1. Return the residue satisfying two criteria in turn: it lies in segment 89-115 and is farther than 18 Å from ALA66 by Cβ and not charged (D, E, K, R), and of such residues it is most open to solvent (accessible area, probe 1.4 Å).
2. Sort out for me the strands (runs of 3 or more DSSP E) sitting completely within segment 231-294 that have 2 or more residues that are among the hydrophobic types (A, V, I, L, M, F, W, C).
3. All but one of (1) open to solvent by 50 Å² or more (accessible area, probe 1.4 Å); (2) closer than 19 Å to PHE311 by Cα; (3) in contact with a helix residue (DSSP H, G or I) (Cβ under 8 Å, 6 or more places away or on another chain) hold for ILE80; state the number of the condition that does not hold.
4. Select from segment 199-224 the residues that are among the aliphatic types (A, V, I, L, M) and either part of a loop (DSSP other than H, G, I, E, B) or modelled with pLDDT under 90 (or both) and list them in ascending order.
5. Would a scan of segment 162-171 turn up a residue that is in a loop (DSSP other than H, G, I, E, B) and touching a residue at least 60 places away in the same chain (Cβ under 8 Å)?
6. For segment 323-347, enumerate the residues that are of a type in the set (Phe, Trp, Tyr) and not in a helix (DSSP H, G or I).
7. Only residues in segment 182-201 that are under 22 Å from ASN138 (Cα atoms) and free of Cβ contacts under 8 Å to residues at least 40 places away in the same chain count as the first member; pair them with residues that are assigned to a strand (DSSP E or B) and of a type in the set (Gly, Ala, Ser), Cβ under 7 angstrom, at least 6 apart or cross-chain, and list the lot.
8. For segment 323-337, name all the residues that are loosely packed, with under 15 Cβ neighbours inside 10 Å and not hydrophobic (A, V, I, L, M, F, W, C).
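The values are calculated or read from the model by the stated rules, or taken from the named source; none is laboratory data. The structure displayed is predicted, hence computed values, not measured ones. When we count neighbours, we look across all protein chains shown, and the Cβ atoms used for this are built from the backbone with ideal geometry, even at glycine. Only protein heavy atoms, including side chains, enter the accessible area calculation; ligands, DNA and RNA are left aside. Shrake-Rupley method; radii C 1.70, N 1.55, O 1.52, S 1.80 Å.
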Amino acid sequence: MSRKPSVAELAQRLRAEHGVSRELALSLAGWEIKVASNSDRLIQELESYFAPFVTQAKDPHLTINALEAPALDLGLDYTIKEPDPGKRKIKEEYAHLPDGRVVRKRLTGLVFAFGSDHHLVAGPCLDNHNQVVNFINNRLIQLELNRGCLLAHAAGVKLGQAGMALAGFSGAGKSTLALHLMSLGATFISNDRLLVRRQGGRPQMTGVPKLPRINPGTALNNPQLQGVMSPEEQERFAELDAEQIWDLEHKYDVDIVQCFGPGRFELQSSLDALTILNWQRDASEMVMKEVDLSQRPDLLGAFKKDWGLFFLCGQEGPDRSNEAYLRELKGVRVFELSGGVDFLGAAQRLRKELGWPK
């Protein structure tokens, strides 16, 4: 049986083979992260995507190498990652190395190596720069998990000085509701992942700089978002009925700065409220009520998020029990939205409930 290389050895070999010519410095929730690449164009695209968080080069907490290359064969024996419940397509495979892990995307051929203070993505990055963005954000999440945060499947906004997380099972529309709150003056914190922990006795949340992805219906029903589509697309999608719009798989990235102006995207806030979207696509009236999360484990399941392949933990790992999440959320007001879907009505009710603006 051949000896497995280490992540450190792989990273050093690939950097030597492909070289590094450009760097990008990011300041993300107090972490200084450097991205180094052999592709000027990739750095330019990442600089545009992470524009609100680009900074001057400093001594980084972490360096990520993003190497443009043909799809690579690293000679590793991979294990297939079984699809998530309800899914059939196999997307990833992985190999454990002595000091970390390699994950390979089967469709794109990108490989990701991380561990032993080495973090690298290599392969056709330019054709799949969204996966490079995800890897950068995953390394930020790893830093936060290492200091004791819990991972949540939620969006986040800040209304005045009150921070609110928005959770819901897949397709509930948490990003759409977050953007309606943005139209009422909120500040964006995160789109799909939050890190939660108590600091100074109060719950705090940290977001990741991932732009929200919306469907045409969200853009059509929010005047500040219509610029993400061309006039021709607006006209074409406006002819569809609500059910057809909802089921579309067409997605657009929302550039927060372009749509809402500078200073509207932050990554940290207190966590004062949690809203869980448990509504249905019907004509019934929306209902909002405050609930005790300790009595509603069904709702807590919408907020909890398991670690995936891109995160390494110790032998025991963190406590991810319901009790651990409830401890971190102590003092957070929790609202359940049920009945029919009503994004604008929900945004207005939540703004009033949180007493914003004062």
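1. LEU107
2. Working: elements: 268-270, 273-277, 287-290.
Qualifying strands (runs of 3 or more DSSP E): 273-277, 287-290.
3. Failing condition for ILE80: (3).
4. Of segment 199-224, the ones among the aliphatic types (A, V, I, L, M) are 205, 208, 211, 214, 219-220.
The answer is VAL208, LEU211, ILE214, ALA219, LEU220.
5. Initial filter on segment 162-171 (in a loop (DSSP other than H, G, I, E, B)): 169-171.
If we keep only those that are touching a residue at least 60 places away in the same chain (Cβ under 8 Å) as well, we get 169.
The answer is yes, given that some residue of segment 162-171 is in a loop (DSSP other than H, G, I, E, B) and touching a residue at least 60 places away in the same chain (Cβ under 8 Å).
6. Answer for segment 323-347, where residues must be of a type in the set (Phe, Trp, Tyr) and not in a helix (DSSP H, G or I): just PHE335.
7. Filtered contacts from segment 182-201: ASN191/ALA155; ASP192/ALA155.
8. Scanning segment 323-337 gives GLU323, ARG327, LYS330, GLY331.
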